[in-house]
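Take a look at the structure set out below.
Where a number appears in this text, it was derived from the coordinates with a stated rule and is not lab data. If you're wondering where the values come from, they're calculated on a predicted model, not measured in any experiment. Glycine gets a Cβ as well: all are built from the backbone with ideal geometry, and neighbour counts include every protein chain shown.
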Amino acid sequence: MICLSTANSIVPLLRNIHQYEEAIIFPAYEEAVVGSEANLASTRRLRAEHVEDECFAGEVTEILLAIGHGEAVENPEAIGFMLRGLFENLRRHIAFEREHVLPMIGIVD
Ligand SMILES: [Fe+2]
């Protein structure tokens, strides 16, 4: 049950967060750092990472749905590797946003 609800939540949750960042946070950041090409490159990269992470999350969703519906786990190491990959990507992405993007628009943890 937890597996299925998690599987069904990951992609919509990421999409909502990404839409908010791309509609509100990134434009505010780009305005704050106007004239700096390096910082515009940062938001281009962050937007591309959003797409990659949503694709990656989609693959994780398929696996979790299969497990949640009772399919046997044939290669648990591969699943663990995939989950760690997604989590690591997300952690790195969020750390960059917290350290570099949010302070520029007046949001500090
Ligand atoms: Fe983001």
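Answer yes or no as to whether residue 50 is farther than 29 Å from residue 105 by Cβ and either within 12 Å of the ligand (Cβ to nearest atom) or more than 19 Å from the chain's Cα centre (by Cα) (or both). First the steps, then the outcome.
Working: farther than 29 Å from residue 105 by Cβ: no; either within 12 Å of the ligand (Cβ to nearest atom) or more than 19 Å from the chain's Cα centre (by Cα) (or both): yes.
No.
Within the stretch 30-45, which residues are assigned to a loop (DSSP other than H, G, I, E, B), among the hydrophobic types (A, V, I, L, M, F, W, C) and free of Cβ contacts under 8 Å to residues at least 24 places away in the same chain? It would help to see each step written out before you state the result.
Here is the first cut: in the stretch 30-45, the ones assigned to a loop (DSSP other than H, G, I, E, B) are 33-36.
Filter once more, keeping what is among the hydrophobic types (A, V, I, L, M, F, W, C): 33-34.
34, the sole residue that qualifies.
So, in the stretch 22-60, how many residues would count as being under 18 Å from residue 6 (Cα atoms) and crowded, with 17+ Cβ neighbours inside 10 Å?
Of the stretch 22-60, the ones under 18 Å from residue 6 (Cα atoms) are 53-60.
Filter again for crowded, with 17+ Cβ neighbours inside 10 Å, leaving 53, 56-57, 60.
Of the residues in that region, 4 qualify.
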